[in-house]
Amino acid sequence: MENQIERAQFLARFKLQVRRTIGQSVDLDRLTRDPAYARQRLSEIEEAADEEELLISVLRMRDLLLPVTPEVRVEPVVETVAVAPDVTKQTTETRNYLMGARAWR
């Protein structure tokens, strides 16, 4: 509940700050519900802003309404083919471990 009140207060302050600073109006309903409008309108306000406080508010509003999604890096898939050992070559010498390490057949 407290976060909702803080968000509403910030939105109201932002609207009034934009009106005072650059003389334009902001549709808060569209700003909060339409990401394309929010992105466009915040860019317009950022370009028209002459005060540091308004630019800071635009950045905070962008963080609030348009969170950055982390980039998903896709590693290229390299297919490897497992090669089976050559079974056709059989050696005649094999170790017999029953008689110890030096036992050969």
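What follows draws every value from the coordinates through simple rules; no lab data is involved. Here the structure is a predicted model, which is why all the values come from computation and not from measurement. Note that we place each Cβ from the backbone using ideal geometry, even for glycine, and neighbour counts take in every protein chain shown.
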With T = 4 °C, eta = 1.567 mPa s and Kirkwood Rh from C-alpha pairs, the Stokes-Einstein D of the range 1-41 in µm²/s is about 120
Length gained if D63 through I5 is fully extended, taking 0.36 nm per residue and subtracting the Cα-Cα distance, is 19.2 nm
Computed over the range 1-70, the Cα gyration tensor eigenvalues, each multiplied by 5 and square-rooted, give semi-axes in Å (largest first) of 18, 15, 12
FRET efficiency for R13 and R73 from the Cβ-Cβ distance with R0 = 41 Å, rounded to 0.05, comes out at 0.60
